[in-house]
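I have placed the structure first, in the form of structure tokens, so that the comments after it can refer back to it.
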Amino acid sequence: MKNIVVLVSGGGTNLQALLDAQEKGYFSNGRITCVISSNPEAYALTRAKEHGIATRIIAPNSYLSKAQYSRTLLEALFQEYVDLIVLAGFMTILDAQIIHAYHNQIINVHPSLIPSFCGSGYYGLRVHEKVLERGVKYTGATVHFVNEIADDGPIILQKPVAVAQDDTPKTLQQRVMREAEWVILPEAVRLFCNDQLEIKGRRVNIIEEQIRTGGAL
């Protein structure tokens with residue numbers, strides 16, 4: 001059974017999707033054991049507590065340096081015996097020591113089809129504002145492994161979402177979450193916990209269940 005720690009900063013809608021999936025028995029080989037927030041006021045903490053999940057608050061502005069903050073966060077992850085770290089609306093950039101310590105064990109969900117509308121400065125409503133400014137017909141969401149470059153790690157899953165002519169950034173954000181993020185994030189977690197993700201360079205191959213278990217196709 002893999003231990004999953006979810007890192008949050010805000011409302012926790014993606015966390016809620018994971019909690020709902022867990023309660024439905026979707027993660028047969030994993031469980032969310034702790035939620036760590038960078039924001040003591042994050043509603044995500046309430047969501048976690050309502051589901052009986054342990055919480056921690058590790059706020060960057062409580063530390064004298066980013067290095068000190070990172071050491072504290074890393075120690076907390078060690079204490080939780082974490083196997084998978086999920087960034088679910090986590091608004092703090094992880095530094096290299098954490099990424100190296102948990103190589104290919106950190107996943108993030110981004111509200112666009114990477115490599116479009118991603119990277120430094122692309123987060124929250126800003127992503128959807130830029131999508132609408134550019135006039136693309138489809139956007140979506142991506143779950144990817146985390147490396148040292150923002151939104152650059154190997155892609156696990158993507159799901160497209162149509163852009164409506166009368167969309168606003170907020171309506172588009174809600175539809176991307178509902179139709180894509182809340183679907184592919186739990187699925188990516190399930191695949192990771194089932195050892196069905198094979199990373200080859202910048203590609204992630206999904207190992208079919210029958211092959212993984214040695215059964216017939």
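Results, tabulated for the structure shown:
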read-out: Enumerated strands (runs of 3 or more DSSP E) restricted to the stretch 103-217, each holding at least 2 residues that are in contact with a Pro (Cβ under 8 Å, 6 or more places away or on another chain) and more than 30 Å from residue 28 (Cβ to Cβ); value: 138-145
read-out: Any hit, the stretch 89-101, residues being under 22 Å from residue 199 (Cα atoms), in contact (Cβ under 8 Å) with a residue 40 or more places away in the chain and outside any helix (DSSP H, G or I); value: yes
read-out: Residues (basic (Lys, Arg) and over 27 Å from residue 197 (Cα atoms)) located in the stretch 106-160; value: 126, 130, 134, 137
read-out: Qualifying residue in the stretch 125-138 (condition: farther than 24 Å from residue 20 by Cβ, touching a helix residue (DSSP H, G or I) at 6+ places or on another chain (Cβ under 7 Å) and acidic (Asp, Glu)); value: yes
read-out: Residue, nearest to residue 15 (Cα to Cα), within the stretch 165-182, restricted to residues that are without any contact (Cβ under 8 Å) to a residue 40 or more places away in the chain and open to solvent by 40 Å² or more (accessible area, probe 1.4 Å); value: 178
read-out: Residue ID - nearest to residue 190 (Cα to Cα), chosen from residues in the stretch 33-47 that are without any contact (Cβ under 8 Å) to a residue 40 or more places away in the chain and either open to solvent by less than 30 Å² (accessible area, probe 1.4 Å) or in a helix (DSSP H, G or I) (or both); value: 35
read-out: Tally, over the stretch 61-73, of residues that are open to solvent by 20 Å² or more (accessible area, probe 1.4 Å), at pLDDT 95 or above and not polar (S, T, N, Q); value: 1
read-out: So residue 168, is it of a type in the set (Ser, Thr, Tyr), farther than 17 Å from residue 18 by Cα and modelled with pLDDT of 95 or more; value: yes
read-out: Close pairs (6 angstrom Cβ cut-off, 6 or more residues apart or separate chains): under 19 Å from residue 178 (Cα atoms) in the stretch 111-127, outside any helix (DSSP H, G or I) and open to solvent by 40 Å² or more (accessible area, probe 1.4 Å) anywhere; value: 113/158; 127/117
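The values are calculated or read from the model by the stated rules, or taken from the named source; none is laboratory data. Given the structure is predicted, the values throughout are model-derived calculations rather than measurements. Glycine gets a Cβ as well: all are built from the backbone with ideal geometry, and neighbour counts include every protein chain shown. These area figures cover heavy atoms from the full protein model, side chains too; ligands, DNA and RNA do not enter into them. Shrake-Rupley method; radii C 1.70, N 1.55, O 1.52, S 1.80 Å.
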